[in-house]
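All of the numbers you see were taken from the coordinates with simple rules; none came from a lab. Keep in mind that this is a model prediction, so the values were computed, not measured. As a convention, Cβ positions derive from the backbone with ideal geometry for all residues, glycine included, and neighbour counts pool all protein chains shown.
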Amino acid sequence: MTQTAPDKLRALLAKPGLITMPCCFDPLSARLVEQAGFPLSFMSGFAASAARLGMPDTGLMSYAEVVDQGRNICNATTIPIIGDGDTGYGNALNVKRTVKGFAQAGFAAVMIEDQVAPKRCGHTAGKAVVARDEARERIVAANDARAKGADIMILARTDARHDHGLDEAIARAREFRDLGADILFVEAPRDAAEMHRICAELDGPLMANIVEGGLTPALPPAELEEIGFKIAAYPLTLLSVAMKAMADALAAFRTGVPGDEMLMPFDEMKTVIGFDAYFEEEQRYAKRR
């Protein structure tokens with residue numbers, strides 16, 4: 001029997017060791033993550049908004065756009081993908097619809113957070129969280145959606161550290177676990193000591209979010225594992241290197257053309273995108289004539 005995406009994620013979480021998770025933003029980046037041998041990816045809201053809209057991650061990308069982007073990503077890969085469900089796009093009933101829609105799109109898990117709407121990237125200015133009662137309500141609604149048939153895991157995120165301190169963030173995360181969340185994510189701890197506290201005071205699996213240049217120290221994977229994290233997410237790395245590579249190529253056009261050292265060989269590009277597999281299958285059908 002074919003494993004579902006949530007089953008694949010559950011199996012990964014049951015294995016020992018840290019899961020290094022480069023995050024994707026479109027089907028091509030997701031294919032690259034899988035082809036590089038990583039067992040898990042996350043559709044970064046920041047990166048997806050930048051790639052799809054050319055706009056910041058400030059709640060501008062609609063529910064329908066996010067689900068469409070996610071469905072295309074999930075269809076392009078066989079590894080489990082976690083989706084960024086933001087605040088759930090409204091009240092508790094919206095959260096239920098969001099969780100159901102993410103499950104139908106093929107996501108292994110959906111992240112629901114406690115920010116006010118419109119949300120903000122966790123490492124940028126202007127973010128705030130809803131009251132704890134409303135935050136709990138979102139996780140209850142997400143779990144209700146799953147109880148009514150949505151085959152998906154729940155990743156509960158809190159951004160309460162920013163305005164209310166680490167004690168409140170840990171308290172919220174603990175309640176989210178009690179309400180049925182499968183994975184916990186306390187966003188933007190400020191130093192290694194806070195990261196140790198999170199792992200010491202909360203049951204796993206726990207996710208660390210490593211934003212290069214962000215508020216949380218970019219500790220090496222071995223140290224993150226030693227502290228107690230199960231997943232190390234890198235939400236912007238692929239987007240950042242892709243943007244820099246494109247900017248460098250465009251700069252090269254000012255005096256000529258980009259050199260071969262800047263380019264992926266054409267044959268390799270075709271293989272990554274799927275031309276070889278397509279032509280192989282095309283021939284298989286042609287032989288049946």
Return the FRET efficiency for the residue pair Arg174, Glu65: r is the Cβ-Cβ distance, R0 is 30 Å, and the value is rounded to the nearest 0.05.
0.35
Net charge near Leu166: determine it from the other residues with C-beta under 13 Å of the C-beta of Leu166, scoring Lys and Arg +1 and Asp and Glu -1.
-3
Would you please state which residues of the range 177-191 a label at Glu226 would reach in this model, taking the label point 7 Å out along Cα→Cβ and a backbone N cut-off of under 17 Å?
191
Could you pull out every residue, at least 5 positions away or on a different chain, whose amide H is within less than 5 Å of the one on Ser44? Hs are placed 1.01 Å off N in the peptide plane, and Pro or chain starts have none.
Cys24
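Ala128 to Gln104: FRET efficiency via 1/(1 + (r/R0)^6), r the Cβ-Cβ distance, R0 25 Å, to the nearest 0.05?
On the way: r = 31 Å, r/R0 = 1.23.
For R0 = 25 Å, the calculated efficiency reads 0.20.
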Which one of Leu53, Gly101, Thr216 has its Cα pushed farthest toward the positive end of the charge dipole of the chain, where Lys and Arg give +1 and Asp and Glu give -1 at the Cβ?
Gly101
To the nearest 20 debye, the range 107-255 has a Cα-centred charge dipole, built from +1 on Lys and Arg Cβ and -1 on Asp and Glu Cβ, of 500
By counting other Cβ atoms within 10 Å of each Cβ, how are Thr2, Thr58, Thr77 ranked from fewest to most?
Thr2, Thr58, Thr77
Please give the charge dipole size of the chain, origin at the Cα centre, charges +1 on K and R Cβ atoms and -1 on D and E Cβ atoms. Round to the nearest 20 debye.
860
Among His196, Pro258, Val67, flag the residue with its Cα farthest along the positive direction of the charge dipole of the chain, charges on Cβ as +1 for Lys/Arg and -1 for Asp/Glu.
Val67
With 0.36 nm assigned to each residue of separation and the Cα-Cα distance removed, Asn94 to Val116 gains 6.5 nm
Label-to-label distance, nm, for residues given as Leu263 and Arg284 (7 Å Cα→Cβ offset)
3.2
Separation of alpha-carbon centers, the range 20-72 and the range 272-287, rounded to whole Å
26
Over the Cα atoms of the range 135-192, each weighted equally, I'd like the Debye log10 I(q)/I(0) at q = 0.15, 0.16, 0.18, 0.23 Å⁻¹, rounded to two decimals.
-0.43, -0.48, -0.58, -0.84
Taking 7 Å along the Cα-to-C-beta vector as the label spot, tell me the Lys244-Ala14 distance in nanometres, rounded to one decimal.
3.9
Would you mind checking which residues have amide H under 5 Å from Ile19's amide H? H placed 1.01 Å from N; only 5 or more apart, or other chain.
Ile231, Ala232
In the Gaussian network model of the chain, springs joining C-alpha atoms below 10 Å, which of Pro265, Pro189, Pro16 carries the largest mean-square fluctuation?
Pro265
Using the count of nearby Cβ atoms within 10 Å as a rough guide to exposure, how do Met246, Met207 rank from fewest to most?
Met246, Met207
Taking the chain as a Gaussian network, where each spring joins two C-alpha atoms under 10 Å apart, which residue of Tyr278, Tyr63, Tyr234 fluctuates the most?
Tyr278
Could you please state, rounded to a whole Å, how far the C-alpha centre of the range 75-113 is from the C-alpha centre of the range 176-237?
21
At 30 angstrom or more along the helix axis (alpha-carbon based) and mean Kyte-Doolittle of 0.5 or higher, what helices does the chain contain? Whole DSSP H runs only.
none
Assigning unit charges at the beta carbon (Lys, Arg +1; Asp, Glu -1) and nothing else, what dipole magnitude in debye, to the nearest 20, does the range 20-84 show about its Cα centre?
100
At Thr255 and Phe38, where each label point lies 7 Å from the Cα along Cα→Cβ, what is the point-to-point distance in nanometres?
3.3
